[in-house]
Each structure stands twice: as structure tokens, then as C-alpha cells.
Amino acid sequence: MRHISPLTTRRRVVGSLAAALLCAAGLAAPASARATGDTGGASDTGSASDTVGASDTAGRSAAGKPSPAGAKLPDDLALTPPMGFNNWNSTHCRAEFDEAMVKGIADIFVEKGLKDAGYQYVNLDDCWALPERDANGKLVPDPKRFPNGIKGVADYVHSKGLKLGIYTSAGTKTCSDIGFPGALGHEVSDARQFADWGVDYLKYDNCNNQGVDAKKRYITMRDALKATGRPIVYSICEWGENKPWEWASDVGHLWRTTGDISDNWSSMLSIMKQNLPLAEHAGPGHWNDPDMLEVGNGGMTDTEYRTHFSMWSIMASPLLIGSDLRKASPETFEIIGNKEVIAVDQDPLGKQGDVLSSEGGRWVVAKEMKDGSRAVALFNETGTTQSIATSAKAVGLPAAGGYTLRDLWQHKSYNTAGKISATVPAHGTVLLRVTADGKWAKNPPAVELGLDGAPLVEAGEPAKLTSKVTNLGRTSAQQVSATFTGPSGWRIEATSPSTVSSLRTGKSLSTSWSVTAPQGAAPGAYDLTLRTSYRSPGGTRAGSVLPLTAHVVVAPPAGNSAVSDLPWMSTVNGWGPVEKDTSNGEEAAGDGNPLTIGGAAYAKGLGVHAESAVEYYTGASCEKVTAQVGVDDEKGLKGTVAFEIWADGKKAASTGVLTNADAAKGLSADVTGAQVVRLVVTDGGDGRDSDHADWADPVLSC
């Protein structure tokens, strides 16, 4: 977990594998404890009387040599990624985390069908104990939160056919600001208590570790758990700092590969990108863990939450719900309860999906399934709708006359001649299961519904857009039609045919549209919907829906304009909102400081945090963007970033990596003819810790 204070958490939002945030929580360990890190090999000099295997002979040596035969945990646990709930993301240490909440979650698992969908662990995070051990050195559950003790809660959870998990840290204290007792030096005693209480899952954090070698600490608890004789799933939460994927497959059942997740798009995306390259290390009984789910906590859209759930599933990640299900929306239950997506995560072959391509933020990730099919995620990282394509051959399927393509969010099956393609909304994911099963002909042909041209509309002025319906199937699509609708008051008219009697494989129906927003429509995003309907040769009706976001935009004025005075189209920011004319500051809007780079202050500009992107409409009427850029002084010597200027999806200029030691650097880009200019800050390749970045004195010349 990551119990870091809010000020620290903001800056440490999921950084690099070596500089990750604390585990699935949100408060910080004391600086002195964190400063020691896990790089030392010091022995445990604390009260270590009951430490098991403190020497290098316990399990695996500090040098990472193989463990003695039989030292590993039972290999019949976590044969698929664990599924369940953890309270931290929704409650932290607040008073609402108590026995009633835990029992309520167990009830909801049963009542809402989540148990039937595969969720089984109801896990307690930090703050369940009193701040001090008793006179015998035993852990004491907080009697206000848990009046019936942990065993009472475990008995209730077990009565529902579910399992209970608990949390502690591989240090002298846990990660919360209060600092509850950690297990370092008390491994045997604590493991025995957990087993006696009926605990089924242990999440073992990394705070206040006193510099003791990470492998020693985690092996010691492994052996203590094994000695209890109770089957307990063991979750190693050391934030990926010591590359546990390289040594922990015989130590724990899962290990955190990253720092903590936060409930925003940038955090989720950064963690996903860190976890995807580690596919070779995952398998039955040993899983890469990119942290808990944020689905339903409110910081992302439902489209982004579906991407979150899709990508965690294709990565064979543990699925631990992080939202308070007592308050969850129907949409949240629809996402986390999607059994077809869960089946991708829980496939017994235990493969993590491999990245086939990611050019331009258009990702194709494919996962081999035990039945020979392939799960395929078409993921759109970008802020605009994108067509993403691959093929049955590319994802590893054998040659066949046709293929069955199952859309796991739409719950519909189609046939395809071999092309796998979809137009994917911004930040969206189309998750498919593709099979060479010989039964493809019973399904209607798959079609891709797309749009040429960005839906950017100036109020009262008609914009020209073109839709395209393409038949991907082995069979023809018949009686094909396209319709385009928008908000009340919008005028959308087809200016070319929108129907066709038949489309053969690979053929398209293209329709031109005139789209006009009402005079006086406020700048901003508006929902449009593109639909197609058609029939298969057997007469089955089918269709497809493409939700789109149109932007009502205002053309920039002629001459030179301060960018921070112009309305942006969209923003993505790694921590808190993008700030105008101040630094990024902390998480709240308006909490920034004067923009300052290398001691020089700037009155105008944008304060951001990597990863960030700010988009502006330039309407093909501008020529140049200029700015002074650098890492803001507010984080001292921390932070490494790189600045980029993009024009209509093409990189027009970049700085390379800058640090706090660098003075402001001039950056200029030719954006002649571009409809949209995007100002991007990346993390410099080493994670996002303290990456406060300033676009100082940015000017758009039109």
C-alpha cells in the first residue's frame, strides 16, 4: 500500500520501476525510514527474536540464488490472478473503514453476483490495528473499528463462502502517518496470529524497512506463513523497487511491479505502460501486480474505467476492487461484473498479454487463451478517435476460411475474413476474443464504423465530415445504412448517399455530412453518435454504434496571443489540474505558485505535471508556437521531464530531457496549417516523481 501523506503522494504518483510510490494506499513513511531504501544488506538488528530465516540461507540468498527445495509457498494457490476487494482506495484510514463496511462488502459480493463472477477476497488494508502491540508483543485489532476482532470478521466472510485478507508492512511500522505495528522482527508471531484468525491473504508492504534487504524480509515472512500450515495467498508489495518479477516467483504469489495508482487517467496509463513489458514473468501462481482497481471512484470517465478493467484483464493482473461498493453506480457494477472480460483475466493458461504495436498511441495487445483463441485489446491512448487494426495472423491464430470475433463489451459475435479493426473513442478500448473455430458463418459480418476528419465545429459554421462503414467479414453486409445524430439544436445532414444495398468483404460505404452547431453554442465538448445497421446474408439484423466527441471551438485571434489566455480543448495532467499562470502546485485547483525556472519568475504560462497534454484549436490559421520551458523550482532538485509540441498528430518540436539543474530552454515549432496544437510533457523516462513542468511565456502566432 502506499500510505503517503497527500503532499508526498502527489509528487510520487507512479514513477519508474525503480522510483515507485508506495503500495496500494496513500500515506507516507517517515523520510528517515524511506531514505534507507532497500539497497542495504544489513541484518535485522531490531527485536528479531522470532524472525525466521534472517540469514542468507533462508529461502533465497541476498544474491538471488535459488531457494532450497520445498521452501516456496504451496503452488496450488492463486493459479489464476486473485480477485476481490481492498478498502484503501476508497476509505484510506477514515472512520468508515470498519467491521460494518467489511461485512457489507461481503454481502454485496453475494447479492450483486460478484462472488459468482469470481471475486472471493475481502481484504483489509492499513489502520485495522491499534498503534501499539500488547504486553506479549501481539497485534491488537482496533476495538472501535472491529469490536468482534479480526476472527469475528473472518468468520462472517467465510460464512458467505468468501475469504478474508489482511495487511501489514515488512518494516517496523506500517505506511500510514500514524504508523501501526509492522512485522519486521515479529514475522512468526504475526503470521501465527493471522492464521489463527482465519486470514486467507496477506498484503505485505515495504515501509519503515530499516534498510534490511528486501529479499530477506519477504522470504522471512514467506517462511513464517508456510510454517503456520494455513494456505495464505502472499502479496509482495515492495513497489517494484528491487525488480521482484526477477526473484519472487518462489517467494510470493504476486508482486507489485509499480508505485501506487491514483484515480486519474495519467496515473493509470503510466502504471499500465510499466507493467506491460513484464509479460514473460507472469503465470499460474505468480503474477505481476500493477496495483488495485480505481473503477468507480470518480476520477475517470466510464470509457476510461472500461479501458482500466480491460487492460488489467488482458495483463492477467489481480482484480482487486478499490471502490466502496455500498455507493457504487450501476455502471460500476456493469464494468467490474463483466464475466466475459473477467474470463480473459482468469484464463487458466495464465498468459499475460503481449504488446504487438503501440505506434502513435494506438495499442494492440494480444493474449493467448487456453482454448486456442486470442483476446485482443485495441486501446486508444490518444485524445481523439482512432482506427486501430491488426489481423488474425498477427495475433497468432492459424490460417482459416473465416474467424469468429466476439466483442466482450457489446456481448455480440461477428465473422471476419481475418482483419481485426475498430474505430476506438479517445481513451477507449475495444476488447475482442477471436477464434478460428469453424463456426464463423453463423454470425453476421463484422463492420468497422469510422469517421474521417476531426469533429471540430465553430458555432454557426457548417463542418464537413465523412463517415465510413467497412465490411471486415467473410460474408457480405446487406441493406447497409449510416445515421449521424447530435444534441438538440444541432443540424446534421447527409450530403451524399447514406445507404447501400450490399457491401462485399473489404468494401466501404462513405457518406459526407454537414454538421452545424447552433449559433451561440458555448465552446466545449458535445456528444455525437454515429450508427450503422445492416443485415447478414441469412437476414440477421446487426449494427454498430460509435460514440464521438465534437468540440465547439473558437478560432484564435490574429497576431500574437499568450497561450494561457486562450481556451483549451482538452487537458490531461499527471497530478491535479493544469494551472494557468501558476505552477502545478498540489492536487487542488488554484494551489500553484509563481512559475519559476532556474530562479527566474514568469508571469504567464501553464503549470503542469508529467504526463500531461494540453490541446488548442488553431484552425489552420497559425504559424508558430514559442515558449520558455523547464522544471519548476518548487520541487527543489527533483524532477526530469521532456517537452514536445505536436501539430495535427505529428511531433513538430521537442527538447530532450530537462532537469531542475537546467535553466529555462527556448522551444519553438512551426505549426502552419494545423487544426490542433498539442503541448505535451513526458516524464523523461525515469517515472513521474516530482515532475512539475512549466510552459513559461508561451505564445501562439496567428
Original post:
Hey, any hits in region 321-342 for a residue that's of a type in the set (A, V, I, L, M), in contact (Cβ under 8 Å) with a residue 12 or more places away in the chain, surrounded by 24 or more Cβ atoms within 10 Å (Cβ to Cβ) and not in a helix (DSSP H, G or I)?
Top reply: yes
Original post:
Within region 387-408, is even one residue part of a strand (DSSP E or B), of a type in the set (Phe, Trp, Tyr), crowded, with 24+ Cβ neighbours inside 10 Å and under 27 Å from the mean Cα position of the chain (by Cα)?
Top reply: no
Original post:
When you look at Ala316, is it outside the structural domain of Ala610 (by TED's automatic domain parsing), farther than 20 Å from Arg688 by Cβ and touching a Gly at 6+ places or on another chain (Cβ under 6 Å), yes or no?
Top reply: no
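Name the single residue, out of those in region 130-142 being surrounded by fewer than 22 Cβ atoms within 10 Å (Cβ to Cβ) and among the aliphatic types (A, V, I, L, M), that is nearest to Ser323 (Cα to Cα).
Leu130
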**OP:** Considering only region 441-466, state which residues are farther than 24 Å from His411 by Cβ and assigned to a loop (DSSP other than H, G, I, E, B).
**Re:** Gly453, Ala454, Pro455, Ala459, Gly460, Glu461, Pro462
**OP:** Could you tell me which residue of region 165-190 is farthest from Tyr121 (Cα to Cα), considering only residues that are out of contact with any Cys (no Cβ under 9 Å at 6 or more places or on another chain) and of a type in the set (A, V, I, L, M, F, W, C)?
**Re:** Leu184
Subject >> Selection count where residues are touching a residue at least 40 places away in the same chain (Cβ under 8 Å), of a type in the set (A, V, I, L, M) and either on the phi > 0 side of the Ramachandran plot or surrounded by 16 or more Cβ atoms within 10 Å (Cβ to Cβ) (or both), scope region 343-362 >> reply: 1
Original post:
Looking at this structure, is Ala436 modelled with pLDDT of 95 or more, closer than 23 Å to Ser358 by Cβ and in contact with a Gly (Cβ under 8 Å, 6 or more places away or on another chain)?
Top reply: no
**OP:** Looking at (1) at pLDDT 95 or above; (2) of a type outside the set (Lys, Arg); (3) surrounded by fewer than 17 Cβ atoms within 10 Å (Cβ to Cβ), find the lone condition where Ser413 falls short.
**Re:** (3)
**OP:** Check Ala693, Ala642, Ala652, Ala664 and return the single one that is within 30 Å of Gly453 (Cβ to Cβ) and in contact with a strand residue (DSSP E or B) (Cβ under 7 Å, 6 or more places away or on another chain).
**Re:** Ala652
**OP:** Report, by residue number, each residue of region 150-188 that is in contact with a His (Cβ under 8 Å, 6 or more places away or on another chain) and either within 16 Å of Ile232 (Cα to Cα) or not assigned by TED's automatic domain parsing to the domain that holds Ile236 (or both).
**Re:** Leu164
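Results for (1) among the acidic types (Asp, Glu); (2) over 25 Å from Asp662 (Cα atoms); (3) without any contact (Cβ under 8 Å) to a residue 60 or more places away in the chain; (4) assigned by TED's automatic domain parsing to the domain that holds Gln274, shown as yes or no for each residue.
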residue: Val545; (1), (2), (3), (4): no, yes, no, no
residue: Asn584; (1), (2), (3), (4): no, no, no, no
residue: Ala588; (1), (2), (3), (4): no, yes, yes, no
residue: Asn593; (1), (2), (3), (4): no, no, yes, no
residue: Leu606; (1), (2), (3), (4): no, no, no, no
residue: Ser612; (1), (2), (3), (4): no, no, no, no
residue: Thr618; (1), (2), (3), (4): no, yes, no, no
residue: Gly630; (1), (2), (3), (4): no, no, no, no
Subject >> Filter pass, Trp568 being closer than 27 Å to Gln675 by Cα, modelled with pLDDT under 95, assigned to a loop (DSSP other than H, G, I, E, B) and not aliphatic (A, V, I, L, M) >> reply: yes
**OP:** Check region 353-370 and report whether any residue there is part of a loop (DSSP other than H, G, I, E, B), more than 20 Å from the chain's Cα centre (by Cα) and outside the structural domain of Leu293 (by TED's automatic domain parsing).
**Re:** yes
Original post:
Out of (1) farther than 29 Å from Gln274 by Cα; (2) of a type in the set (A, V, I, L, M); (3) crowded, with 20+ Cβ neighbours inside 10 Å, what's the single condition that is false for Val699?
Top reply: (3)
Subject >> Those strands (runs of 3 or more DSSP E) lying entirely in region 467-510 with at least 3 residues out of contact with any Asp or Glu (no Cβ under 7 Å at 6 or more places or on another chain) and under 16 Å from Leu546 (Cβ atoms) >> reply: 477-485
**OP:** All but one of (1) under 29 Å from Leu162 (Cβ atoms); (2) within 16 Å of the chain's Cα centre (by Cα); (3) modelled with pLDDT of 95 or more hold for Pro277, so report the exception by its number.
**Re:** (1)
**OP:** Scan Gly252, Gly211 and give me the residue that is touching a residue at least 24 places away in the same chain (Cβ under 8 Å) and either out of contact with any Asp or Glu (no Cβ under 8 Å at 6 or more places or on another chain) or among the acidic types (Asp, Glu) (or both).
**Re:** Gly252
Original post:
Which residues, counting only those in region 661-702, are without any contact (Cβ under 8 Å) to a residue 40 or more places away in the chain and of a type outside the set (Gly, Ala, Ser)?
Top reply: Lys665
Subject >> Members of region 371-382 found to be under 19 Å from the mean Cα position of the chain (by Cα) and either modelled with pLDDT under 95 or surrounded by fewer than 23 Cβ atoms within 10 Å (Cβ to Cβ) (or both), listed by number >> reply: Glu381, Thr382
Original post:
Looking at Glu304, Glu294, which is the one that is touching a His at 6+ places or on another chain (Cβ under 7 Å), within 20 Å of Gly574 (Cβ to Cβ) and outside any loop (DSSP other than H, G, I, E, B)?
Top reply: Glu304
**OP:** Determine whether region 112-126 contains at least one residue that is under 30 Å from Gly285 (Cβ atoms), touching an Asp or Glu at 6+ places or on another chain (Cβ under 9 Å) and hydrophobic (A, V, I, L, M, F, W, C).
**Re:** no
Original post:
Just checking, how many residues over region 218-267 are surrounded by 24 or more Cβ atoms within 10 Å (Cβ to Cβ), part of a loop (DSSP other than H, G, I, E, B) and under 19 Å from the mean Cα position of the chain (by Cα)?
Top reply: 10
Original post:
Inside region 528-585, can you point out the residues that are surrounded by fewer than 20 Cβ atoms within 10 Å (Cβ to Cβ), charged (D, E, K, R) and within 30 Å of the chain's Cα centre (by Cα)?
Top reply: Arg531, Lys580, Asp581
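Looking only at region 109-122, decide whether some residue is β-branched (Val, Ile, Thr), under 20 Å from Arg230 (Cβ atoms) and modelled with pLDDT of 95 or more.
Yes: region 109-122 contains one or more residues that are β-branched (Val, Ile, Thr), under 20 Å from Arg230 (Cβ atoms) and modelled with pLDDT of 95 or more.
The values are calculated or read from the model by the stated rules, or taken from the named source; none is laboratory data. Because the structure is predicted, anything quoted here is derived from the model rather than measured. In this analysis, Cβ positions are derived from the backbone assuming ideal geometry, glycine residues included, and neighbour counts consider all displayed protein chains.
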